[in-house]
Amino acid sequence: MRHRLIAVMIALSGGFGAVEAQTGSSRPSAGASFAAEAVAASLGSAAGLQLGLSLVDRCGELIPCELAMTGVGALAAAALAPVAALVVARAIGDDPSGPGAAVGSIVGVVAAFAVVWAAEPGRAKAWIAFSVTHGVLTAAGARLPWKR
């Protein structure tokens with residue numbers, strides 16, 4: 001399931017090049033670039049979260065271990081999402097806000113945990129909900145007018 005989702009997200013992010021080719025513009029529209037940044041941040045978040053989940057699987061039934069490894073996954077997601085969003089934004093010609101992406105990532109982690117907690121989905125749905133919520137808020141943060 002996860003591998004299919006990642007393949008779909010990568011395919012969607014690759015589709016933004018086709019938009020550029022059709023319009024003849026060297027820079028995608030604001031909506032297309034936001035979507036590309038959100039997909040990239042979601043993939044970064046998913047990779048970090050997957051790291052934590054794979055470590056949780058090794059904990060067995062030890063609750064303190066599960067909590068610590070969930071924290072590792074959240075920290076990895078919080079670090080990878082803004083990096084991915086900034087790399088993609090710069091690659092497509094945007095001028096993203098690094099501090100804004102960092103703030104968006106922190107807010108995104110908190111919001112993503114709230115979404116997962118409120119919805120109480122199964123593990124696969126929680127992984128998707130966390131990654132997408134976190135990725136979108138990270139990309140939104142990158143659009144804030146904060147610069148170094």
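The values are calculated or read from the model by the stated rules, or taken from the named source; none is laboratory data. Note that the coordinates shown come from a computational prediction; the quantities given were computed from them, not determined experimentally. Cβ placement follows ideal geometry from the backbone for every residue including glycine, while neighbour counts extend to all protein chains displayed.
Summary of values
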| quantity | calculated |
| --- | --- |
| Residues satisfying the stated conditions in segment 59-98, i.e. in contact with a Leu (Cβ under 8 Å, 6 or more places away or on another chain) and in contact (Cβ under 8 Å) with a residue 24 or more places away in the chain | Gly73, Ala74, Ala76, Ala77, Ala84, Pro96, Ser97, Gly98 |
| Criterion violated by Leu53 - all others in (1) at pLDDT 90 or above; (2) within 15 Å of Ala129 (Cα to Cα); (3) not small (Gly, Ala, Ser) satisfied | (1) |
| Options Leu80, Leu67, Leu144; residue that is in contact with a Gly (Cβ under 7 Å, 6 or more places away or on another chain) and either basic (Lys, Arg) or part of a helix (DSSP H, G or I) (or both) | Leu80 |
| Where Ala114 falls short, out of the listed (1) surrounded by 15 or more Cβ atoms within 10 Å (Cβ to Cβ); (2) more than 12 Å from the chain's Cα centre (by Cα) | (1) |
| Ile128 being touching a residue at least 60 places away in the same chain (Cβ under 8 Å), in a helix (DSSP H, G or I) and not small (Gly, Ala, Ser) | yes |
| Any hit, segment 91-100, residues being part of a loop (DSSP other than H, G, I, E, B) and of a type in the set (Val, Ile, Thr) | yes |
| Some residue of segment 89-97 being under 15 Å from Ser42 (Cα atoms) and at pLDDT below 95 | yes |
| Boolean, Thr70 is under 12 Å from Ser42 (Cβ atoms), of a type outside the set (Gly, Ala, Ser) and out of contact with any Ser or Thr (no Cβ under 8 Å at 6 or more places or on another chain) | no |
| Boolean, Trp127 is at pLDDT below 90 and surrounded by 15 or more Cβ atoms within 10 Å (Cβ to Cβ) | yes |
| Any hit, segment 29-37, residues being modelled with pLDDT under 90, in a loop (DSSP other than H, G, I, E, B) and over 17 Å from Gly141 (Cβ atoms) | yes |
| Unique match (being closer than 18 Å to Val132 by Cα and of a type outside the set (D, E, K, R)) among Ile106, Ile63, Ile92 | Ile106 |
